[in-house]
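Down below is the structure, laid out as structure tokens.
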Amino acid sequence: RQICLHMSEYFKLNGRMGRTSSYSTIEKINDIAVNQNTKSFTSFDQVLIRRREEARRSIIVQVKDEKSHTDLLTYCLNFGDVNNTYYYTVDNDESRKKFILIEFANISGSEKAIFNGQHSELENILPVTSSFLWFRTDKKKSKLRTDIAPLNIDSNDLPSSYELDQIFSNSNSFSDDMILLYERTKLGEIGTRLRFITALQLEASLKGLFHSCQVLPFGSSINSFGKKNCDLDLIFDFNEKKNIDSSRLMFHSKTLAGTSKIHNQRHLETIADIIQYFLPGCCNTRRIFKARVPIIKFKHELSGLECDVSSTNLSGVYMSELLYTFAAYDWRVCPLVFTVRYWAKEINLTNPAPGKWITNFMLTLLVLFHLQYEKIIPTLQTLSKSKREKDKKIFIDNDYKMIDCGFLTDLNLLKDPETEPNNDTLLELLFKFFEFYSTFDFRLNAISLNSGTLIPKPVYDPLYIVNPLEKGLNVSKNVSQEECNKMRIQFRNAAWNIECSINSINGTSKKWGLSHLIQSHILNKDGFSKVQNMKGSSSTFVVKHLFTNVEETDSVKKTENV
Ligand code: CTP
Ligand code: MG
């Protein structure tokens, strides 16, 4: 099977290159792979520090359209040199709002621009100051500068399924589809900057009370697995300094009575009110306090982001750092995770609403675990063994226990990653992933990214993924038996589909690739037509697993009934 996959990729690549002249796509894709493999490692902390500092030097200005660029820049250069300008749009119900993000060279530039800002003359305006502004018409008609650098216009919109199909139609192999998907849908420069500026807006509003507080983005906005329209997960951290022996001046402060959960909830209530009533652009605030981690949800109309704010502990940020570190270890991790997440969304395995289904985060952990199992990326234990003093990551868990979940965060210093050389193509990795979980015994085994091995399930949850940082917790606790079964069936279908598509490489029409994988799912939704289709296939895998699948699903149902 391995050889078949190699050969199919080879023939698609060479066969098609002979017929068409899409050399440039291939060269570009190869460049991406080489660049990503040779690129030196930048640690998560370095990225966080650089992005936060960049956000402090930036302002966002609503404009009439992109032609306002010269006028706006001529005006802003009065406050200081400008490094970059980016144009983006946000579609609201009836209108399309247009914005230019200006990154000054120094923080004094953005500070002066904000200091010089004014509030509108309307009477019912709350005079809040922030880095979100709008550019009013120049009545004096000042002279425009002619030495203005061009505006960066980088689409912040996710391509539609139709656009992606068009993009894939020019690719030469399944692996290329995977790289194209990643390159076209991953969170871009403007999306990342908007996320850090939005976090800073909230942080600035709370700084007066909590001088050293931080509002940090986490989750897919920064863990390398974010796509263009992903939500913005934010954590409010008091960042209090403790045990500084040298200081004799102590702050008077309020004492907290009652449990920490109640306080956390009350504080979040207050933060929700600040967001709703004071912060420009923020609306539709909702309080979700019944969840294990209480959150506030809101929409930011000026950055176009859906945001979730929580304030319990920093474990979400540490988790993002862990995922970021795994993603940086091998260039194939991101295209592979993007493909699995995209496939799962298109076949409705994941769902944007919270519930009993598998989430993008869980799918990511499944992919990472499989790569550990294949010895392509290191385990968390390996990273923890090499941790330095500065890698300590302390947080208080749900039982108020202090946990150090530290791990080595600078991959340049990882001496013995305990991985093995592996040259699998992306298609081979995808196929192995689907195949691995097709035959995985979810009834008995849990997945541990700490050891990179299967462990017996401590309790009967249908899907058990050990939380790598809080080992007593199951990340996938909410997943129902029905959804777990559905997922396993879809893994099998996908493995069959990839294997069957190898047989079609000599056909004239394109019967392989990501679009084909998804379309086949839609065509094969009905189990009967699936059997009919599979009957024509010579694959023993298809037939064998189709029937074991039906039997196992039945037996799981029987166990449940008992
Ligand atoms: N998280 C966690 N434990 C969980 C669920 C979430 O630590 N049981 C953390 C992870 O760091 C995760 C982040 O919270 O990345 C945000 O969760 P979520 O928004 O569900 O996932 P994302 O990774 O952000 O993916 P998506 O693009 O779907 O938002
Ligand atoms: Mg998220």
Q.
Quick check on my filter: what residues within region 345-381 are touching a helix residue (DSSP H, G or I) at 6+ places or on another chain (Cβ under 6 Å), away from ligand 2 (no atom under 13 Å from the Cβ) and either closer than 15 Å to Lys486 by Cα or in a loop (DSSP other than H, G, I, E, B) (or both)?
A. Glu346, Ile347, Leu349, Lys356, Trp357, Ile358, Ile377, Thr379
**Q.** All positions within region 247-273 that are in a loop (DSSP other than H, G, I, E, B) and modelled with pLDDT under 80
**A.** Leu256, Ala257, Gly258, Thr259
Q) If you check Ser504, Ser509, Ser476, which single one turns out to be crowded, with 17+ Cβ neighbours inside 10 Å and either modelled with pLDDT of 60 or more or under 30 Å from the mean Cα position of the chain (by Cα) (or both)? A) Ser476
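Are any residues in region 330-344 under 24 Å from Glu418 (Cα atoms) and in a helix (DSSP H, G or I), and if so, which ones?
Kept after step one, since they are under 24 Å from Glu418 (Cα atoms), are these residues of region 330-344: 330-337.
Matches in region 330-344: Val333, Cys334, Pro335, Leu336, Val337.
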Q: State which residue pairs qualify: first residue in contact (Cβ under 8 Å) with a residue 24 or more places away in the chain and assigned to a helix (DSSP H, G or I) and inside region 162-173, second residue of a type in the set (S, T, N, Q) and surrounded by fewer than 21 Cβ atoms within 10 Å (Cβ to Cβ) in any location, beta carbons under 7 Å apart, and separation of 6 or more residues or different chains.
A: Asp165/Ser515; Phe168/Ser515
Q. With (1) within 16 Å of ligand 1 (Cβ to nearest atom); (2) open to solvent by 30 Å² or more (accessible area, probe 1.4 Å) as the list, and Leu232 as the residue in question, which single condition is left unmet?
A. (2)
Q: From the list Thr425, Thr409, pick out the single residue that is buried (at least 17 other Cβ atoms within 10 Å of the Cβ), farther than 30 Å from Asn239 by Cβ and not acidic (Asp, Glu).
A: Thr425
Q.
Here's a check for you: in region 314-357, which residue that is within 19 Å of Arg492 (Cβ to Cβ) and within 11 Å of ligand 1 (Cβ to nearest atom) is surrounded by the most Cβ atoms within 10 Å (Cβ to Cβ)?
A. Arg341
**Q.** Index of the failed condition, Leu268 passing every other in (1) within 16 Å of ligand 2 (Cβ to nearest atom); (2) touching a Phe, Trp or Tyr at 6+ places or on another chain (Cβ under 8 Å); (3) not acidic (Asp, Glu)
**A.** (1)
Q. Applying the selection to region 96-128, what residues are modelled with pLDDT under 95 and open to solvent by 60 Å² or more (accessible area, probe 1.4 Å)?
A. Arg96, Gln118, His119, Glu121, Leu122, Glu123, Asn124, Ile125, Leu126, Pro127
Q: From (1) part of a loop (DSSP other than H, G, I, E, B); (2) within 12 Å of ligand 1 (Cβ to nearest atom), pick out the condition that doesn't hold for Phe407.
A: (2)
Q) In this structure, does Asn423 turn out to be under 29 Å from Ser175 (Cα atoms) and part of a helix (DSSP H, G or I)? A) no
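Please find, within region 83-96, the residue that is nearest to Lys64 (Cα to Cα) out of those that are over 25 Å from the mean Cα position of the chain (by Cα) and of a type outside the set (Gly, Ala, Ser).
Top of the filtered list is Arg96.
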Q | Search result, residues across region 183-221 that are more than 15 Å from ligand 2 (Cβ to nearest atom) and free of Cβ contacts under 8 Å to residues at least 60 places away in the same chain | A | Arg184, Gly188, Glu203, Lys207, Gly208, Leu209, Phe210, His211, Ser212, Cys213, Gln214
Q: Quick one: which residue in Thr137, Thr129 is under 19 Å from Lys64 (Cα atoms) and part of a loop (DSSP other than H, G, I, E, B)?
A: Thr137
Q) Would you pick out the residues in region 222-236 that are more than 8 Å from ligand 2 (Cβ to nearest atom) and closer than 10 Å to Leu305 by Cα? A) Asn229
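The values are calculated or read from the model by the stated rules, or taken from the named source; none is laboratory data. Computed from a prediction, not measured in an experiment: that's the story for all the values here. We place every Cβ from the backbone using ideal geometry, glycine too, and count neighbours over all the protein chains shown. With ligands, DNA and RNA removed, areas are computed over all heavy atoms of the protein, side chains included. Shrake-Rupley method; radii C 1.70, N 1.55, O 1.52, S 1.80 Å.
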